[in-house]
Amino acid sequence: MTQVLARKWRPRVFADLKGQEHVVRALSNALTQNRLHHAYLFTGTRGVGKTTVARILAKCLNCETGITATPCGQCSACTQIDSGRFVDLLELDAASNTGIDNMREVLDNAQYAPTVGRFKVYIIDEVHMLSKAAFNSMLKTLEEPPEHVKFILATTDPQKIPVTVLSRCLQFNLKQMAPEMVREHLDKVLGLEGIPSEPAALRLIARAAGGSMRDALSLLDQAIAYGSGKVHEDTVRSMLGAIDQRYLFGLLNALAAGDGAALLDEADQMAARSIAFDPALQELGALLHKIALAQTVPAALPDDLPERDAILDLAQRLDAETIQLYYQITILGRRDLALAPDEFAGFTMTLLRMLAFMPATEPARIATPSVVPAASRAAPPAAALVAREPAAPKLAAVPPVVASAEMNVSEPAPAPSPEPVPMAPVVSIAFDGDWAALVTSLKLGGQARMLAVHSELESCAGDCLQLRVPIAHKHLAEKSYQDKLREAISAHFGRPMRLQVSLAEGEANTPVRQQNEARAARQSEAEAVIASDPFVQDVMQQFDARVVEIKSIAKEQ
């Protein structure tokens, strides 16, 4: 009879164990140096290998070649342990044997010498399920066990184990396995089984397993049966009820285009196909995470990821702060889904919230008028020629000029005709050197703002601004940050501007530093006022009181 994959491919030696290298290394060293403990406790979530490690350790202790970290797997002890027939290995399920009578029976039997092996090994699974009386009966044996007895305890909930038991055990915490590690193991298993598969299908299974290799192999068994001996993405997605990625990309493309009608149309199509909206938001969050990775570290995306090109395209079309905003709205929308009038309303309100809070991406620009022949001149209002810019602190207007075709070259206005017709003045903005005030008035996104507030203006000559960035923030001097800041400055002044950024040793007089210094000055002034207040002084003298500083978590306005 064919075995299920989780049992067939259960590791038999430490070398086959995946994702638990820290446990394998510690146990291997202890076995090699013959530094053995009488009680071991393995903790971790389901399916990460607690019982598997316990059985391998039992083989290491009883292998006929001697105590070793690499049991032979061929002797009678190894083969009997693998088949569950070794008389000196007792596996007890504490969930079914919780009472003191069960534990007393085990402990009474422990006093006798092993029948065929070197040690009697007791594996107690889900040990936290034992009753208080059963734990108490264990204490004496755990404290002074016979030389021939080894206890191996396993649990998914170590907090429920009394500290008196924990203190007598050598504890190891087994970690959840990363999805990519699970996928690689599944691919290896399918290769040995000769079953065709698609990488995208294995990624879906690995992610659905939640870090449990046993769950992943069980899902793989199900996928093989569901797909008639093949593991393909579409069948696995159908089996798991996973969302078709085309819907998610449709939603994000509609958001990137600012198309509310297309956004709701995608939601309507999902509702028509009875797609559950809670997993849809979960999948959308996972997709936004991949896009954020693509923006920061494109190499983090696997080359064989089917939707890699679509993810990279969205990473170019949506800026980093927008992705972070969408991710946060998705997480909160999923949390609040149960409070919505119905799931469809909660889902669509989450999408509409993304659309409503989409950051403005097009900065206001100053229109550039051209010279109109005198014969055809009319006198349009100034507002038709000039896009007004909001007044910024300490910024003065310069005399009117008429821009030439090169945008950054100005020439005097032509001499007036004998019958002049009034022309609308062209407003240009000059910079007076107050960098902090300029930063406040600029329309900046995430990267541009980070560079601006952590920079000090070194000099300003013509259309070129030279900035200094402290070496502690040298990552802000990257080209992508400079490009975004230069675009914002050029849009503000209405002409192309150049930006030169250099690194500065030590601190610089940046807007952030100025703001912190101003905040500290206000704090000191407030403390001085409180300390000098007569009422406060009177209370301190009469009641031996003192002023305690409480740091507010509220953001200063």
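The values are calculated or read from the model by the stated rules, or taken from the named source; none is laboratory data. Source: prediction; values computed, not measured. Cβ atoms come from the backbone with ideal geometry, glycine included; neighbour counts cover every protein chain shown.
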Margin query: Can you pull out every residue in segment 451-469 that is modelled with pLDDT of 85 or more and either outside any strand (DSSP E or B) or β-branched (Val, Ile, Thr) (or both)?
Written below: LEU451, ALA452, VAL453, HIS454, SER455, VAL469
Checklist line | ALA448 vs. criteria at pLDDT 85 or above, of a type in the set (Gly, Ala, Ser), within 29 Å of LEU325 (Cα to Cα) and under 30 Å from the mean Cα position of the chain (by Cα) | finding: no
Checklist line | Of the criteria (1) touching a strand residue (DSSP E or B) at 6+ places or on another chain (Cβ under 7 Å); (2) modelled with pLDDT of 90 or more; (3) surrounded by fewer than 22 Cβ atoms within 10 Å (Cβ to Cβ), which one GLY44 fails | finding: (3)
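Restricting attention to segment 38-52, which residues are closer than 22 Å to VAL163 by Cβ and either part of a helix (DSSP H, G or I) or of a type in the set (A, V, I, L, M, F, W, C) (or both)? Show your work before the answer.
If we filter segment 38-52 for residues that are closer than 22 Å to VAL163 by Cβ, which is where we start, we get 38-45, 50.
Those that are closer than 22 Å to VAL163 by Cβ and either part of a helix (DSSP H, G or I) or of a type in the set (A, V, I, L, M, F, W, C) (or both): ALA39, LEU41, PHE42, LYS50.
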Check: Pairs, please: C-beta under 7 Å, at least 6 apart or cross-chain, first residue in a loop (DSSP other than H, G, I, E, B) and in segment 109-120, second surrounded by fewer than 17 Cβ atoms within 10 Å (Cβ to Cβ)?
Finding: GLN111/PRO146; ALA113/HIS148; PRO114/HIS148; THR115/VAL87; VAL116/VAL87; PHE119/HIS148
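Can you tell which of THR70, THR32, THR65 is over 23 Å from PRO158 (Cβ atoms), in the same structural domain as ILE152 (by TED's automatic domain parsing) and over 40 Å from the mean Cα position of the chain (by Cα)?
Working: THR70 fails: over 40 Å from the mean Cα position of the chain (by Cα); THR32 fails: over 40 Å from the mean Cα position of the chain (by Cα).
Within the list THR70, THR32, THR65, the selection yields THR65.
It is to be established whether one or more residues within segment 498-508 are basic (Lys, Arg), over 34 Å from the mean Cα position of the chain (by Cα), at pLDDT 80 or above and surrounded by 14 or more Cβ atoms within 10 Å (Cβ to Cβ). I'd like the intermediate steps shown before the answer.
Of the residues in segment 498-508, the ones basic (Lys, Arg) are 498.
When the remaining residues are screened for being over 34 Å from the mean Cα position of the chain (by Cα), the result is 498.
Of the ones still in play, those that are also at pLDDT 80 or above are 498.
Applying the additional criterion that residues be surrounded by 14 or more Cβ atoms within 10 Å (Cβ to Cβ) yields 498.
The answer is yes, given that some residue of segment 498-508 is basic (Lys, Arg), over 34 Å from the mean Cα position of the chain (by Cα), at pLDDT 80 or above and surrounded by 14 or more Cβ atoms within 10 Å (Cβ to Cβ).
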Item checked: All positions within segment 470-496 that are part of a loop (DSSP other than H, G, I, E, B) and within 20 Å of THR440 (Cβ to Cβ) -> GLY494
Next item on the list: Sort out which residues of segment 490-542 are closer than 28 Å to CYS460 by Cβ, of a type in the set (A, V, I, L, M, F, W, C) and in contact with a helix residue (DSSP H, G or I) (Cβ under 8 Å, 6 or more places away or on another chain), and write them in order of number.
Entry: MET497, LEU499, VAL501, LEU503, ALA504, VAL512
Check: Do you know which residues across segment 61-82 are part of a helix (DSSP H, G or I) and out of contact with any Phe, Trp or Tyr (no Cβ under 8 Å at 6 or more places or on another chain)?
Finding: SER76, CYS78, THR79, ILE81, ASP82
Next item on the list: Report whether or not ALA6 is in a loop (DSSP other than H, G, I, E, B) and in contact with a helix residue (DSSP H, G or I) (Cβ under 6 Å, 6 or more places away or on another chain).
Entry: no
Check: Just one of ALA452, ALA448, ALA436 is in contact with a helix residue (DSSP H, G or I) (Cβ under 6 Å, 6 or more places away or on another chain), among the hydrophobic types (A, V, I, L, M, F, W, C) and touching a residue at least 60 places away in the same chain (Cβ under 8 Å); which is it?
Finding: ALA436
Item checked: Filter result (farther than 12 Å from LEU107 by Cα and either hydrophobic (A, V, I, L, M, F, W, C) or not assigned by TED's automatic domain parsing to the domain that holds THR45 (or both)) within segment 144-158 -> ILE152, LEU153, ALA154
Next item on the list: May I ask you to say which residue of ARG35, ARG85, ARG55, ARG25 is outside any loop (DSSP other than H, G, I, E, B) and surrounded by fewer than 16 Cβ atoms within 10 Å (Cβ to Cβ)?
Entry: ARG25
Notebook entry, point to check: Is it the case that ALA225 is surrounded by fewer than 17 Cβ atoms within 10 Å (Cβ to Cβ), more than 30 Å from ILE323 (Cα to Cα), among the small types (Gly, Ala, Ser) and modelled with pLDDT of 90 or more?
Noted result: yes
Margin query: Just to verify a result, which residue in segment 257-287, among those that are closer than 18 Å to ALA310 by Cβ and in contact with a Ser or Thr (Cβ under 7 Å, 6 or more places away or on another chain), is surrounded by the fewest Cβ atoms within 10 Å (Cβ to Cβ)?
Written below: GLY285
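I'm trying to understand the selection: among the residues of segment 121-139, which are part of a helix (DSSP H, G or I) and of a type in the set (Phe, Trp, Tyr)?
So the first thing to find is which residues in segment 121-139 are part of a helix (DSSP H, G or I), and the list is 127-129, 132-139.
Correct list: PHE135 only.
Residues that are over 21 Å from ALA280 (Cα atoms) and in the same structural domain as ALA208 (by TED's automatic domain parsing): does segment 234-251 have at least one?
Of all residues in segment 234-251, those over 21 Å from ALA280 (Cα atoms) come to none.
Looking through segment 234-251, none of the residues is over 21 Å from ALA280 (Cα atoms) and in the same structural domain as ALA208 (by TED's automatic domain parsing).
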Note to self: I need every pair where a residue in segment 300-313 that is within 11 Å of PHE249 (Cβ to Cβ) and not assigned by TED's automatic domain parsing to the domain that holds LEU202 has its Cβ under 7 Å from the Cβ of a residue that is among the charged types (D, E, K, R) and surrounded by 13 or more Cβ atoms within 10 Å (Cβ to Cβ), sequence separation at least 6 or different chains.
What the structure shows: ILE311/LYS290
Check: What number of residues within segment 155-181 satisfy the criterion of being more than 27 Å from VAL127 (Cα to Cα) and crowded, with 19+ Cβ neighbours inside 10 Å?
Finding: 1
Next item on the list: Take segment 102-124 and flag every residue that is among the charged types (D, E, K, R) and modelled with pLDDT under 90.
Entry: ARG104, GLU105, ASP108
Notebook entry, point to check: Among LEU142, LEU90, LEU153, which is the only one that is part of a helix (DSSP H, G or I) and not β-branched (Val, Ile, Thr)?
Noted result: LEU142
Next item on the list: Report, by residue number, each residue of segment 9-22 that is without any contact (Cβ under 8 Å) to a residue 60 or more places away in the chain, in a loop (DSSP other than H, G, I, E, B) and not charged (D, E, K, R).
Entry: PRO11, LEU17
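State whether one or more residues within segment 91-107 are closer than 23 Å to PHE14 by Cα and either buried (at least 17 other Cβ atoms within 10 Å of the Cβ) or touching a residue at least 12 places away in the same chain (Cβ under 8 Å) (or both). It would help to see each step written out before you state the result.
Restricting attention to segment 91-107, the residues satisfying the condition of being closer than 23 Å to PHE14 by Cα are 91-92.
Now restrict to residues that are either buried (at least 17 other Cβ atoms within 10 Å of the Cβ) or touching a residue at least 12 places away in the same chain (Cβ under 8 Å) (or both): 91-92.
Yes, that holds for at least one residue.
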Notebook entry, point to check: Got a number for residues in segment 69-80 being surrounded by 15 or more Cβ atoms within 10 Å (Cβ to Cβ) and among the β-branched types (Val, Ile, Thr)?
Noted result: 1
Check: Within segment 509-528, how many residues are of a type in the set (Val, Ile, Thr) and modelled with pLDDT under 85?
Finding: 1
